[in-house]
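One structure below.
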Amino acid sequence: MRATTQCINTSRRALCRVFLPPIEQTMLPLPLFFLPCHSVTKLHQLRSYASNPPARGPRGRTAVAASEQVAHEERGFDKRFTTQKDIDNSGRSRPPQNDEITDPYIMVIDKGEPEGPFPTRHVLAKLNPDELLRMIHPYTPADLSKNRPKTQYALCKIFSKAEELERQKQLREKKKAESAKKIKSKELELTWSISEHDLGNKMRQMGRFLAKGYKVEVLVARKKGGRQASMEDAEKLVKSLQVEVEKNDGRETKPSSGATGGTMRFFLEGKLVK
C-alpha cells in the first residue's frame, strides 16, 4: 500500500491564495516533510553546534594544537618539561612540588642514587600520605654547543612532610637573622631655631634610633622666614646633639658637612644590637 502524504491544498493555503499577492505566496516555507532529505540532515547538523567549532589552521589543526606545535618548535622540546627559566617565571619562591610538576618523565631520588626516568604520574601515585615530591634540579635539554649531548630529565626527591616543615622553619629563622643584621637608616630634619620642647622630642627620637643600631642622618638648616637663631643657639644645638649621641653609645661615621648656623649634616650610627 502506498503511503499517503498530506495535501498541500489545506484551508490555510487556500486562504493565503485568496488574500496574499502571488509574490508573497512563493515566500511561504514548505512543511518539513516536503524538504529534500539532505536539507533535513543539514538542519540537524546545524542544531548540533551549540557553540562554534574549534578554529582550524590551514592544515586542519585546531588553534590549540597549532599553538602547542609552535611552542614545541620554539623550545625544541615538549613544553611540559620544566626548565630553570620556567621556575623563575612561575612567581613561586620555591621549585615545583607534587602536582605542580608537569614534566611527563623525571629522575627520582628516594634514599639512594637517582633512578629513572619514570613517568611522573606513576611516582606521584606511589607516594605515601606523609610524603611529598619536590623538584631539586630542573629539566636541561641537550645542547651540543655546550658539550651536553644528552637530555637531563628533572631531578626530584621524595621528602617526608615533617622534614619539609622543619626545613621551612629553619629557612624562616635564617631569613629573620639576616634581616636583623641589616643596618636600617633614618633621617631627621630640624631647624636652628627649633624650640626647646621640639628639640627634646627630636633628640629622644634620635636616641631611640641609635639605641637600635640604626644609621641616622641629621639635617639642620635655617628656618624659612620667622626668627633666625643666633650663633650661640646654633652651637648649643650642636652640643645637645653630641651629648645624645654619646648617651646612646653612638658615633659619627664621618665628619659632619656644612657650617654651624647654615645647612649642616651629621652622619651617625648606633651600636649594633646583637
Quarter of the surface of the C-alpha convex hull for segment 181-269, i.e. direction-averaged projected area in nm², equals 5.5 nm²
Each label sits 7 Å from Cα toward the beta-carbon; between R172 and Q228 the label points are separated, in nm, by 5.8 nm
Toy charge model, Lys and Arg Cβ at +1, Asp and Glu Cβ at -1: segment 73-170 dipole around Cα centroid in debye, rounded to 20, equals 160 debye
Quick calc: nm separation of the 7 Å Cα→Cβ label points for H197 and R92 -> 5.9 nm
Computed on Cα atoms only, the convex hull of segment 84-167 has an orientation-averaged projected area in nm² of 6.3 nm²
Listing H122, H137 by rising number of other beta-carbon atoms within 10 angstrom, fewest first, gives H122, H137
Expressed in nanometres to one decimal, the distance between label points 7 Å along Cα→Cβ at K236 and E252 is 2.2 nm
Surpassing 29 Å at the alpha-carbon level, of the pairs K184/K239; K175/K215; K150/K175; K215/K236; K184/K254, are K150/K175
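No value in this document is a laboratory result; all are computed from the given coordinates. Keep in mind that what you see is a predicted model, and the values were worked out from it rather than measured. Using ideal geometry, Cβ is built from the backbone for each residue, glycine included, and neighbour counts are taken over all protein chains shown.
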